[in-house]
Amino acid sequence: MEKKIVNNYGSFDVVFVKAKGSTMWDVNGKKYIDFIAGIGVNCLGHNYKPLVKAISDQAKRQIHISNYYFSDIGLVYADELLAVTGFEKGYFGNSGAEANEAAIKVARKYGQLNGGSKRKTIVTLEKSFHGRTLATLTATGQDVFHPECFGPYPEGFKTIKPNDYEGLKNAFDDTTAALFIECIQGEGGVNLIDSEWAQAAAKAARDAGAIVMADEVQTGIGRTGTFLASDALGFKPEVVTLAKGIAGGLPMGACLFRGKAADVFVAGDHQSTFAGNPLACAAGCVVAETVSNMLFLDRVNHAGDVIRGKISGWNLPIVKDVRGKGLMIGTQIDSKIKVFDIKLRCLEKGLCVTTAGSDVIRFLPPLTISDKEIEEGLNIFKSVLEEFC
């Protein structure tokens, strides 16, 4: 397979052919429990009937039109997403990186309009991750994502340490355009951001004349037990970015605006060919309606509590911490153990997991995962961890 496809991903030699719920089968008929959900994308699981029907029905009507025009389903979806999130306006894209590029451009233009050319710095957090384009890589607060071969990197980004009150004293000034917070640091190790610190950081940024933005590409759409993780943190960003689970498996992203950021973009500032196409919007309507239900979100929180509680209860010596919110879960492993080896062994035994940072096994299962699938997956995970003890 590596001879046919450039192996940027380090993909495993597994070919999947079908899936249902949180269970997948490969070309040989082997069964796997899915604790990744396409890295948080398949939020309603595989083959979710209402989603499949909405996509099928829309495909028969219209798949794509130019953004010179509006689609009926696109307008319906925009109204629904804005109502659920409490934002005023939105831009649709195709991915998290594209949504974050939009946020960066909004921040830069806002700074220009409210302080001139000197107000261009975007402050992000150490251990954050914001995407794979050159700008979003630079915004990412991890040196491992800044190899020399991709340089030179864009200017105008600065990182601060999360949950550090002392560092806020000199974090922002009249050159700051925006503070960009990843509400839980997924790629950085499933690191939680303290709500009081987030609110203090947002206030400090606003006091300096900047806007506040939340990267919810991974944490949004119910992943952490509220529709937006920033709602739980309480810092009310002017800009929020969404992707991954937003359309249940179809490529889509969004950048939403309110308050000072609502009217920054004008025609020609930022565009995309495929963005907000009717097919993705039809899927987005199903996701938004399903995930915004409080009973659904209660179930997400309960399932996450069950998973974290069971792992903690095993009392295995190689497990150093279990953290997360909702169904975004990180199990920190003793640094003497290679988490890649654990990931590979899980796959061999029929469990799909991923990693975060250098020492964390990360779970991002479908938000619809059943109790039975949770039990099956955890039984495999426990047996693998016991092999490494």
Specify whether the C-alpha gyration tensor of segment 93-225 places it in the rounded, prolate or oblate class, a ≥ b ≥ c being the square roots of the eigenvalues: rounded for a/c under 1.5, otherwise prolate if a/b is larger than b/c and oblate if not.
rounded
Please sort through the DSSP H helices of the chain and keep those with an alpha-carbon extent of at least 15 Å along the long axis and a Kyte-Doolittle average not below 1.0.
72-85, 278-291
Taking a probe of 1.4 Å, how large is the accessible area per residue of segment 250-296, in Å²?
41
Chain lengthening between residue 70 and residue 305 when straightened (0.36 nm per residue, less Cα-Cα)
80.4 nm
(i) 23.7, 88; (ii) 23.0, 73; (iii) 20.7, 61: which one is Rg and Dmax of the Cα atoms in Å as calculated from this entry?
(iii)
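Which pairs in the list 244/310; 349/382; 105/158; 161/244; 320/343 are over 22 Å apart, alpha-carbon to alpha-carbon?
Distance filter (> 22 Å) returns 244/310; 161/244.
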Pop out the carbon and sulfur fraction of the accessible area of the chain as a percent, whole number, probe 1.4 Å.
53
Do any chymotrypsin sites (Phe, Trp or Tyr not before Pro) in segment 7-51 lie in a DSSP loop with no more than 16 other beta carbon atoms within 10 Å, and if so, which?
9, 12
Return the aspartates and glutamates within reach of residue 372: Cα separation strictly under 17 angstrom, same-chain partners fewer than 8 residues apart disregarded; answer none if there are no such residues.
34, 305
In vacuo Debye sum over C-alpha of segment 238-377, base-10 log of normalised intensity I(q)/I(0) at q = 0.12, 0.18 Å⁻¹, listed in q order, is -0.67, -1.11
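From the square roots a ≥ b ≥ c of the eigenvalues of the alpha-carbon gyration tensor of segment 1-159, which class results: rounded (a/c under 1.5), prolate (a/b over b/c), or oblate?
Since a/c reaches 1.5 but b/c is at least a/b, the shape of segment 1-159 is classed as oblate.
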Any aspartates and glutamates whose Cα falls less than 13 Å from that of residue 120, other than same-chain ones fewer than 8 residues away, would be 155, 173, 174
Which of the aspartates and glutamates could be linked to residue 89 by a straight reach, that is with a Cα gap under 19 Å, when you skip same-chain ones fewer than 8 residues away?
72, 79, 80, 98, 101, 215, 216, 231, 238, 263, 269, 289
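Using a 10 Å Cβ count of at most 11 others and DSSP loop calls, identify the longest part of the chain lacking such GluC sites (Glu not before Pro).
156-389
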Could you report segment 78-127's accessible area per residue, 1.4 Å probe, as an integer in Å²?
41
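The values are calculated or read from the model by the stated rules, or taken from the named source; none is laboratory data. Predicted, not measured: the structure shown is a model, and the values here were computed from it. Because the Cβ atoms are built from the backbone with ideal geometry, glycine has one as well, and the counts that use them run over all protein chains shown. Accessible surface areas use protein heavy atoms only, side chains included; no ligands, DNA or RNA. Shrake-Rupley method; radii C 1.70, N 1.55, O 1.52, S 1.80 Å.
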